[in-house]
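A.B. asks: There's a structure below that I have some questions on.
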There are 2 protein chains.
Amino acid sequence: MPQFLSTTDADFEVRFTQVLNAKREDSPDVDAVVADIIADVRARGDAAVIELTRKFDRLDLTPETLAFSPEEIDVACASVSEPERAALELAAARIRAYHAKQMPEDARWTDDVGATLGWRWSAVSAAGLYVPGGLASYPSSVLMNAIPAKVAGVERLAIVVPTPDGIANPAVLLAARIAGVDEIYRVGGAQAIAALAYGTETIPPVDKITGPGNAFVAAAKRRVFGKVGIDMIAGPSEILVIADKDNNPDWIALDLLSQAEHDESAQSLLITDNADFGQAVVAAVEKRLETLERRVIAGASWRDYGAVIIVKNLDEAADLSNRIAPEHLELCVADPDRLADKCIHAGAIFLGQWTPEAIGDYIGGPNHVLPTARSARFSSGLSVMDFIKRTTLAHMTPEALRAIGPSAEILATSESLEAHGLSVTARLRKLNE
Amino acid sequence: MPQFLSTTDADFEVRFTQVLNAKREDSPDVDAVVADIIADVRARGDAAVIELTRKFDRLDLTPETLAFSPEEIDVACASVSEPERAALELAAARIRAYHAKQMPEDARWTDDVGATLGWRWSAVSAAGLYVPGGLASYPSSVLMNAIPAKVAGVERLAIVVPTPDGIANPAVLLAARIAGVDEIYRVGGAQAIAALAYGTETIPPVDKITGPGNAFVAAAKRRVFGKVGIDMIAGPSEILVIADKDNNPDWIALDLLSQAEHDESAQSLLITDNADFGQAVVAAVEKRLETLERRVIAGASWRDYGAVIIVKNLDEAADLSNRIAPEHLELCVADPDRLADKCIHAGAIFLGQWTPEAIGDYIGGPNHVLPTARSARFSSGLSVMDFIKRTTLAHMTPEALRAIGPSAEILATSESLEAHGLSVTARLRKLNE
């Protein structure tokens with residue numbers, strides 16, 4: 001049974017804080033191992049990657065077979081069923097259309113002193129995308145990572161995906177092809193991150209690495225951050241549903257379970273202003289758990305981290321939501337827009353009872369790579385912004401320099417940076433000749 | 001003497017790679033020490049911060065004196081000279097005007113299937129800004145970090161600044177006041193980062209930490225990344241000047257020296273298509289180094305990491321610039337806009353001979369916190385974007401769900417995520433009743 005709380009309970013604050021701070025992730029300290037793997041790949045390149053792949057994935061590769069060949073990808077793509085291909089193509093088209101709107105504008109203007117200022121956006125040249133391995137790898141995640149990169153204008157997009165015992169998911173390869181991925185390497189783990197960051201004889205280095213992975217991948221991304229850009233260190237998935245009594249308890253139960261089935265560490269929370277409705281949802285979850293394929297995982301997640309919180313009104317719900325800062329926030333209430341305005345910290349909001357979170361995972365258009373573990377307080381889901389960078393521009397005329405240069409001289413002197421000041425002084429002197 | 005290279009040299013590629021990869025930073029491995037400090041601050045809060053401040057800064061604080069009082073700030077501000085105050089205020093106004101233009105728009109639209117999609121930006125609630133300590137701390141950096149945060153709408157903005165032996169820079173406190181900073185704590189080092197990330201009895205936690213610092217601060221930021229957001233791990237400063245012969249060698253020399261004087265690890269590079277001009281700049285640098293206040297630092301930087309590179313033409317210069325991905329790029333050529341279009345990877349570009357880089361450090365308007373160590377390949381300077389985050393929005397109508405829901409069911413089945421599919425199926429069934 002999940003936690004059942006009410007804001008009117010005397011011990012609510014204590015119990016809510018426990019829900020909020022539940023240590024859901026068992027983070028083994030793999031940092032030393034990962035440091036060794038990265039050093040090995042930097043020192044020995046392909047040879048290290050091949051040796052580590054033999055060890056961890058029981059797969060014998062050569063420099064020639066590190067990447068999937070076009071023919072191998074052809075064969076895999078042809079094996080995907082037609083309905084699945086059509087679904088992937090619809091998803092890709094919708095994700096592409098959404099992300100195309102994210103491309104920001106360049107700017108340039110001349111201000112009151114005659115200085116021309118602005119900025120310019122440009123794409124990262126090469127990006128690498130980590131895709132978790134084997135048959136459990138998700139083609140939808142390939143689309144969600146690769147399409148923003150291609151929309152941003154990334155010229156070279158590489159995927160690394162481990163194929164333990166040589167088993168690859170054909171739908172992942174098809175998703176990569178649909179998204180326009182240029183290279184696919186069958187390597188995984190920290191060794192794949194190291195190869196992308198530093199390059200090997202066969203795998204050229206990239207500038208940015210995105211995508212989810214296990215503890216080894218996360219530790220490797222943290223270590224190579226700075227040498228390359230990374231997206232985020234993702235934790236287990238979460239959903240918060242805020243629902244009033246005018247909902248079908250079974251629909252809400254399925255929405256909660258669609259996070260819980262991801263991972264025993266996932267967290268599914270329901271906030272409602274109606275205790276009877278809350279109980280009805282709990283009953284519906286129990287009923288679905290009798291037959292759900294992934295009932296062991298979903299049941300453990302719901303039992304250990306799930307919670308139903310009864311509030312006096314929806315304002316209280318919004319306040320709690322802001323403390324939770326959920327990855328996914330579903331608002332199944334009469335006026336979801338009004339409630340959304342009050343929910344400031346959330347990765348993605350799903351408005352109304354006809355917008356199950358699963359739509360966002362696959363086909364809605366917005367990205368499903370979202371900030372977890374309360375990081376929606378300060379970060380955003382994946383977007384084209386992750387694959388572009390801004391160069392600021394400044395152009396002074398002699399008159400502009402005459403107007404603002406003297407203040408720069410004063411500040412340089414104040415900071416004891418004489419050459420800074422002199423670089424302005426020398427020019428101003430010429431103007432005053 | 002700096003390196004003197006020409007692209008026509010037989011060994012150019014080898015020597016250019018050496019310049020590019022010069023190991024300029026001595027990164028002591030302080031990670032273990034920092035891990036202990038963070039654990040101590042998490043466990044003991046104020047007591048740990050106070051004890052570490054006594055140890056490292058030789059300063060006795062109490063919980064009541066951790067923060068500067070308004071009266072102390074008043075006194076410090078009053079001690080700043082009037083010209084310096086006016087210069088800071090002009091700088092603040094120009095930085096504010098530039099960054100105000102960066103605020104992105106929210107978006108919302110209804111697509112062809114009737115789904116309403118979009119996103120919404122909101123500010124980080126609380127941010128903390130690290131300011132390096134003592135008299136060497138830079139008021140300009142306070143403006144550059146604090147103003148974007150306030151423009152973004154950050155409600156609570158705290159500064160941490162070490163004051164070794166109790167010595168504070170009054171201009172830093174004035175800059176903080178001008179920028180609208182809410183709290184100023186006289187603590188520094190890894191203990192200050194830990195206090196901002198996890199909070200103590202006196203220092204409430206923040207959501208995002210920005211600002212430069214030494215190796216301890218950098219290691220602490222890397223460790224707390226995830227718990228809070230961070231800006232970047234900054235390295236020593238760099239400038240690349242691309243100049244043709246129609247420039248005053250002394251001006252270019254001063255621009256090169258204004259990076260070199262920051263730090264013995266700074267790197268100043270000149271690319272020119274005229275060898276005689278290159279030699280003239282080298283001579284001008286030597287002459288300035290005879291008298292420059294910071295000649296020991298600037299001389300060491302120029303000698304150890306400086307380089308003059310002779311190219312055949314400006315296209316070649318742009319290619320090299322893209323490999324360098326400089327933090328600061330100054331284009332002193334006849335048509336700087338045209339050359340800028342080809343220089344894709346750079347933190348900030350200064351166009352034309354009347355735009356010395358020092359203008360950008362203080363008063364131009366764009367931010368001076370910029371990506372170093374080739375990270376302009378994948379990252380941007382500090383901006384309002386660092387203090388806001390995006391929430392994606394999706395609202396399906398029953399008709400929209402009918403149109404795209406079946407594809408979500410197919411993909412969920414393909415990924416063996418049954419509850420995901422059922423959350424759509426249950427709703428579609430209702431529609432088909």
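The values are calculated or read from the model by the stated rules, or taken from the named source; none is laboratory data. Here the structure is a predicted model, which means the values were calculated and not measured. Backbone-built Cβ (ideal geometry, glycine too); neighbour counts: all protein chains shown. The protein model used for the area step is the full one, side chains on, heavy atoms only, and it has no ligands, DNA or RNA in it. Shrake-Rupley method; radii C 1.70, N 1.55, O 1.52, S 1.80 Å.
A.B. asks: Pairs, please: C-beta under 8 Å, at least 6 apart or cross-chain, first residue farther than 14 Å from B:L401 by Cβ and in the range B:101-117, second small (G, A, S)?
C.D. replies: Hits for this filter: B:K101/A:A107; B:Q102/B:S383; B:M103/B:A152; B:D106/B:G118; B:A107/B:G118; B:R108/B:G118; B:W109/B:G118.
A.B. asks: Let me ask something else about it. Kindly list the number of the only condition in (1) out of contact with any His (no Cβ under 9 Å at 6 or more places or on another chain); (2) without any contact (Cβ under 8 Å) to a residue 12 or more places away in the chain that fails for A:I388.
C.D. replies: Every listed condition holds for A:I388 apart from (2).
This table checks each residue for (1) at pLDDT below 95; (2) open to solvent by 50 Å² or more (accessible area, probe 1.4 Å).
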position	(1), (2)
A:P2	yes, no
A:V41	no, no
A:V49	no, no
A:I73	no, no
A:R85	no, yes
A:L90	no, yes
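A.B. asks: Show me the strands (runs of 3 or more DSSP E) found entirely inside the range B:83-192 where at least 1 residues are closer than 27 Å to B:R223 by Cβ, touching a strand residue (DSSP E or B) at 6+ places or on another chain (Cβ under 8 Å) and small (G, A, S).
C.D. replies: It comes to B:116-123, B:126-130, B:156-160.
A.B. asks: From the residues in the range A:372-394 that are in contact with a helix residue (DSSP H, G or I) (Cβ under 8 Å, 6 or more places away or on another chain) and assigned to a loop (DSSP other than H, G, I, E, B), which one is nearest to the other protein chains (Cβ to nearest Cβ)?
C.D. replies: Among those residues, the one meeting the criterion is A:S383.
A.B. asks: Being at pLDDT below 95, surrounded by 23 or more Cβ atoms within 10 Å (Cβ to Cβ) and in a loop (DSSP other than H, G, I, E, B) is the requirement here; does A:T355 meet it?
C.D. replies: no
A.B. asks: Just the residues that are away from chain B (no Cβ under 11 Å), surrounded by fewer than 24 Cβ atoms within 10 Å (Cβ to Cβ) and assigned to a loop (DSSP other than H, G, I, E, B), please, taken from the range A:213-227.
C.D. replies: A:N214
A.B. asks: Can you find, within the range A:98-114, the residue that is least open to solvent (accessible area, probe 1.4 Å) among those that are more than 7 Å from chain B (Cβ to nearest Cβ) and among the small types (G, A, S)?
C.D. replies: It comes out as A:G114.
A.B. asks: Another one. So the check is Cβ under 9 Å with 6+ separation or different chains; which pairs have a first residue in the range B:322-344 that's open to solvent by less than 40 Å² (accessible area, probe 1.4 Å) and a second one that's of a type in the set (K, R)?
C.D. replies: That search, which allows pairs on different chains as well, returns B:N322/B:K342; B:N322/B:R377; B:I324/B:R374; B:A325/B:R374; B:A325/B:R377; B:P326/B:R374; B:A340/A:R120.
A.B. asks: Condition test on B:V172, is it open to solvent by 10 Å² or more (accessible area, probe 1.4 Å), within 20 Å of the chain's Cα centre (by Cα) and among the aliphatic types (A, V, I, L, M)?
C.D. replies: Judged against the criteria, B:V172 is not a match.
A.B. asks: Within 13 Å of another protein chain (Cβ to nearest Cβ) and either within 30 Å of A:G235 (Cα to Cα) or in contact with a helix residue (DSSP H, G or I) (Cβ under 9 Å, 6 or more places away or on another chain) (or both), is that true of B:D255?
C.D. replies: yes
A.B. asks: Output the number of the condition that A:A346 fails; it satisfies all remaining conditions of (1) within 7 Å of another protein chain (Cβ to nearest Cβ); (2) over 21 Å from A:W251 (Cβ atoms); (3) assigned to a loop (DSSP other than H, G, I, E, B).
C.D. replies: Of everything listed in (1) within 7 Å of another protein chain (Cβ to nearest Cβ); (2) over 21 Å from A:W251 (Cβ atoms); (3) assigned to a loop (DSSP other than H, G, I, E, B), A:A346 misses just condition (2).
A.B. asks: Tell me, please, whether a residue that is within 7 Å of chain A (Cβ to nearest Cβ), crowded, with 24+ Cβ neighbours inside 10 Å and under 40 Å from the mean Cα position of the chain (by Cα) can be found in the range B:395-409.
C.D. replies: Looking through the range B:395-409, at least one residue is within 7 Å of chain A (Cβ to nearest Cβ), crowded, with 24+ Cβ neighbours inside 10 Å and under 40 Å from the mean Cα position of the chain (by Cα).
A.B. asks: Ok, one more. Among the residues that make up the range B:52-74, is at least one of them at positive phi and among the basic types (K, R)?
C.D. replies: Within the range B:52-74, one or more residues are at positive phi and among the basic types (K, R).
A.B. asks: If you don't mind, there's one more thing I want to ask. Considering (1) surrounded by fewer than 22 Cβ atoms within 10 Å (Cβ to Cβ); (2) within 24 Å of the chain's Cα centre (by Cα), say which one B:A126 fails and leave the rest.
C.D. replies: Result: B:A126 passes all but (1).
A.B. asks: Determine, yes or no, whether B:I209 is within 12 Å of chain A (Cβ to nearest Cβ) and buried (at least 24 other Cβ atoms within 10 Å of the Cβ).
C.D. replies: yes
A.B. asks: May I pose another question? Scan the range A:28-39 and give yes if some residue there is open to solvent by less than 20 Å² (accessible area, probe 1.4 Å), β-branched (V, I, T), more than 30 Å from A:L269 (Cβ to Cβ) and in contact with a Ser or Thr (Cβ under 9 Å, 6 or more places away or on another chain), otherwise no.
C.D. replies: Among the residues of the range A:28-39, not one is open to solvent by less than 20 Å² (accessible area, probe 1.4 Å), β-branched (V, I, T), more than 30 Å from A:L269 (Cβ to Cβ) and in contact with a Ser or Thr (Cβ under 9 Å, 6 or more places away or on another chain), which makes the answer no.
A.B. asks: If you check every pair at least six apart or on different chains, which have Cβ atoms under 7 Å apart with a residue in the range B:29-45 that is within 15 Å of B:A197 (Cα to Cα) first and a residue that is open to solvent by 60 Å² or more (accessible area, probe 1.4 Å) and of a type outside the set (A, V, I, L, M, F, W, C) second?
C.D. replies: Correct list of pairs: B:V34/B:R223; B:A35/B:R223; B:I38/B:R223; B:V41/B:Y198; B:R42/B:Y198; B:G45/B:E201.
A.B. asks: Of the residues B:A284, B:A275, B:A280, B:A234, only one is open to solvent by less than 60 Å² (accessible area, probe 1.4 Å), in contact (Cβ under 8 Å) with a residue 24 or more places away in the chain and in contact with a strand residue (DSSP E or B) (Cβ under 8 Å, 6 or more places away or on another chain); which?
C.D. replies: B:A275
A.B. asks: Only residues that are in contact with a strand residue (DSSP E or B) (Cβ under 8 Å, 6 or more places away or on another chain) and either more than 7 Å from every other protein chain (Cβ to nearest Cβ) or not in a helix (DSSP H, G or I) (or both): list them for the range B:358-367, please.
C.D. replies: Across the range B:358-367, the qualifying residues are B:G364, B:G365, B:P366, B:N367.
A.B. asks: Here is a follow-up. Do we find that A:N367 is crowded, with 22+ Cβ neighbours inside 10 Å and of a type in the set (S, T, N, Q) in this structure?
C.D. replies: Yes: the conditions hold for A:N367.
A.B. asks: A follow-up question, please. Kindly list the number of the only condition in (1) hydrophobic (A, V, I, L, M, F, W, C); (2) surrounded by 13 or more Cβ atoms within 10 Å (Cβ to Cβ); (3) under 28 Å from the mean Cα position of the chain (by Cα) that fails for B:L59.
C.D. replies: For B:L59, the failing item is (3).
A.B. asks: Considering the range A:243-259 alone, what residues qualify as being touching a residue at least 60 places away in the same chain (Cβ under 8 Å) and over 18 Å from A:G299 (Cβ atoms)?
C.D. replies: Hits for the range A:243-259 are A:A243, A:D244, A:D246, A:N247, A:N248, A:W251.
A.B. asks: Just to check your reading of the model, which residue among A:V161, A:V131 is more than 11 Å from chain B (Cβ to nearest Cβ), at pLDDT below 95 and open to solvent by less than 40 Å² (accessible area, probe 1.4 Å)?
C.D. replies: Testing whether each residue is more than 11 Å from chain B (Cβ to nearest Cβ), at pLDDT below 95 and open to solvent by less than 40 Å² (accessible area, probe 1.4 Å) leaves just A:V131.
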